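Read the structure below first, then the notes.
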Amino acid sequence: MILLKILLKKLVSSSVILFAFSFSGNVFAEEELSKADEILNGVISDFVTDLIDNPDSPLSKYILSMMIGFTFIGLAWHTIAWALKKYELEELIAYVFIVIFTWGFYVNYNYALSEIWSWADAIGSGIQTEAVGESDPIFAGAKMSEALENIRLKDISIFSGLAAWWVFFQFQVVLVILKIIIFVMNAWGVWGYAFSKITGLLFLPLLLVPFTRKIFDKWFQIFLGFWFFHLFAKIALSLYYLYFFAIFGVLDSPIEFNPVADSLAANRIILHLFIGIFFMLAVGGMSAAMASGFGGITSKASNAAMKVATTVVKMI
């Protein structure tokens with residue numbers, strides 16, 4: 001019987017180690033994933049800069065042609081309408097303000113979007129650093145994995161050992177799902193930003209013609225959706241991390257677990273951890289809801305330009 005107990009404890013310990021090794025990854029891999037995200041950001045910035053500044057790039061010529069062509073169409077449209085007394089002078093001046101703003105945004109496009117994105121990254125990373133102690137989201141999963149590896153079994157019977165193995169198995173499943181979600185959410189935000197940044201150059205000229213501005217609005221909402229997703233993902237991960245260690249405490253050294261006395265508590269903990277995972281999955285919906293609040297932003301900007309133009313005309 002003693003031999004069976006020893007073998008069972010070894011089996012449980014080996015299973016825990018196997019799951020941790022197979023699914024949780026190692027520190028080197030996590031660092032490489034974080035470096036990959038940084039490299040992608042740098043590559044996209046260089047690529048977008050090349051699209052704007054490289055005179056030999058066919059796509060750069062195409063985007064510049066769109067900017068010039070749409071500017072000409074918009075100016076002709078507003079000038080003719082003003083000459084035919086369809087538009088007031090204020091509307092023509094307001095359109096000139098929009099042209100100046102759009103071209104200024106085009107020239108500083110890479111810098112402007114990088115700065116806007118950096119706000120989400122800085123706020124989210126600041127909250128995560130306070131909660132986790134590290135701005136790298138992969139680090140949180142690694143710390144939780146290390147904590148679970150410090151749990152050891154007390155002297156138990158065979159049947160209790162099976163129950164303990166099942167609890168450990170559930171903890172490892174939660175951890176595996178969590179680490180996958182952390183990686184996907186982090187990558188989703190970075191890839192979404194890269195996608196939005198490249199495609200935005202194609203939609204920017206649409207600001208210059210009144211009846212195509214709604215299309216630009218849709219692109220801007222997509223960009224903001226990824227912006228909010230990147231921010232909310234870091235906040236949700238910080239909340240999950242705080243909750244995890246509020247339950248388990250600081251497991252920086254091995255502790256013993258009694259599967260018989262603590263089984264009910266363990267099941268409740270697992271349920272709460274799954275609820276946390278579902279909450280993290282809901283971040284996408286919350287981000288989309290926030291971005292939808294910025295619908296029609298170009299119309300609001302046009303109204304603001306109109307007010308400025310009216311003030312200018314009155315001063316003249």
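The values are calculated or read from the model by the stated rules, or taken from the named source; none is laboratory data. Quantities reported herein were computed from a predicted structural model and do not represent experimental measurements. When we count neighbours, we look across all protein chains shown, and the Cβ atoms used for this are built from the backbone with ideal geometry, even at glycine.
Some observations on this one:
- Residue check, PHE220 touching a residue at least 24 places away in the same chain (Cβ under 8 Å), under 30 Å from LEU75 (Cα atoms), touching a Phe, Trp or Tyr at 6+ places or on another chain (Cβ under 9 Å) and crowded, with 17+ Cβ neighbours inside 10 Å: yes
- Taking the stretch 103-213 and the helices (runs of 4 or more DSSP H) fully enclosed by it, the elements with 3 or more residues that are over 19 Å from ILE270 (Cβ atoms), at pLDDT 80 or above and in contact with a helix residue (DSSP H, G or I) (Cβ under 6 Å, 6 or more places away or on another chain) are at 109-132, 158-203.
- Residue list for the stretch 60-92, restricted to those being under 20 Å from THR311 (Cα atoms) and small (Gly, Ala, Ser): none
- Taken together, the residues in the stretch 100-145 that are surrounded by fewer than 19 Cβ atoms within 10 Å (Cβ to Cβ), of a type in the set (A, V, I, L, M) and within 30 Å of THR71 (Cβ to Cβ) amount to 4.
- Pairing each residue of the stretch 269-292 that is in contact (Cβ under 8 Å) with a residue 24 or more places away in the chain with any residue that is of a type in the set (Gly, Ala, Ser) and in a helix (DSSP H, G or I), provided the two are 6+ apart or on different chains, yields C-beta distances under 6 Å for MET280/ALA236; VAL283/ALA233; VAL283/ALA236; SER287/GLY225; ALA288/GLY225; ALA291/GLY225.
- In the stretch 55-89, the residues that are hydrophobic (A, V, I, L, M, F, W, C), at pLDDT 85 or above and within 38 Å of the chain's Cα centre (by Cα): ILE63, LEU64, MET66, MET67, ILE68, PHE70, PHE72, ILE73
- All positions within the stretch 49-89 that are of a type in the set (Ser, Thr, Tyr) and either touching a residue at least 12 places away in the same chain (Cβ under 8 Å) or part of a helix (DSSP H, G or I) (or both): THR49, SER60, TYR62, SER65, THR71, THR79
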